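As structure tokens, the structure follows; a few thoughts come after it.
Since every read-out is calculated from the coordinates, none of them should be taken as a lab result. Predicted model only: the values in this text are computed from it and were never measured. With ideal geometry, Cβ positions are generated from the backbone for all residues, glycine too; neighbour counts draw on all protein chains shown.
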Amino acid sequence: MTNSMYSFDSFKLRFPIEDVEVLNSHLLSRRIRIEYDEDTGEVISEDVLQSKSLKHNYGLYQIHFAITETFNRTEVIVLVNSKLLEHSYLNGITMSNIELVYNKLMQAEVIYLPFESFLYGCVSDIDIKKDITVESITDFETYTLELERFSRAKKKVGHGVNRPNSATNKGVEWNKRSTATVANPFLKVYHKGLESRHGHNNKFFSHYVDQDTLKNMVRIETTLKNSKHFKAYGINSCFLKDFLSLKQSQLREIVSDTIKRNLNERIRTHKPKNSDSMTPSQTVYFNLMSTLTEQLKLSRDEVISICLQNHKNKQQKSRSKKVVEEVYDLYIDGETYQIEAEKTKTFFKNLGWV
């Protein structure tokens, strides 16, 4: 299994309009479709077809440009994504290739601003990504089941886990991009190989990206939405150059925190009561049995049975049984996780799953 570095897949980039030269006048236009009654001339409806925005077609992908007016402030918006890197798409956007992205945007001749000003654009809705190669789709399906199993329960609509598992789309995602917050961040783990073959950008991928490289590729992706989200990770700037300067350790920390907010701990350890009196062998057995009890929801008899498996010498097995029963009864029995495990075991037994 191999994995790549963290980088940026996409982001929204904003510039004050006074810093930008608009080259394509269509960006400034506002087109409306009017439906009216031929007999009376009465206007029935008005639909905005284009409100100071346009999409530039690069052949196999598009980039969206727009002008927005909020709080008496006019800004130019560019929705930047790593397709602009074309054959280097999988590298994601980094400081080392941002000038290629800039040059490609300027080639569209929609807007112009100097490269130095471009780096001082303000970013939001930033997708951080990392690619991992797995051995097979079957393995990935197993991993997604585990991710779903360990997901935190969420009560609000739009929050929580979703696990698509069709022939053309496999993965797990938590929360929605549109409603994500610092406490409930958007996170997605999906099979990039399947998306590249069956998604709406399949022509782009078949032309620009080696299909053998994509075959067993999985992507993890999370979104930083706005300044509130940035500040949660100690980022007090919205400038593109500052995000591109973030270290791998900082991006890893952001993704790791997003995972922790959506998933329960994969391995939870417990500290036994009166641990000072435990022998080394008792400590080893406690660590094993407490993990089996909590993680797998196994009962006392099931845990002890697993600990005693594969003993060939009856005398040694008898001695070991005495130790593990003593450890269980002294240090595990009555703990909250043990009581929950017994309740779970009873429920599954009543179902007939034993």
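Brief remarks on what is shown
- Additional length obtainable on full extension of the chain from Ser275 to Ala183, 0.36 nm per residue less Cα span: 29.6 nm
- Sorted by Cβ density within 10 Å, fewest first, the residues His229, His87, His200, His26: His200, His87, His26, His229
- Cα centroid of the range 238-260 to Cα centroid of the range 84-150, whole Å: 13 Å
- Among the cysteines of the chain, those with no neighbouring cysteine Cβ under 4.7 Å are Cys307.
- Each residue in Asp19, Asp210 was given a count of other beta-carbon atoms within 10 angstrom of its own, and listing them fewest first yields Asp210, Asp19.
- Around the amide H of Ser7, modelled in the peptide plane, lie the amide H atoms of Lys129, all under 5 Å away and 5 or more residues distant in sequence or on another chain.
- Packing-based exposure ordering (other Cβ within 10 Å, fewest first) of Glu116, Glu195, Glu335: Glu116, Glu335, Glu195
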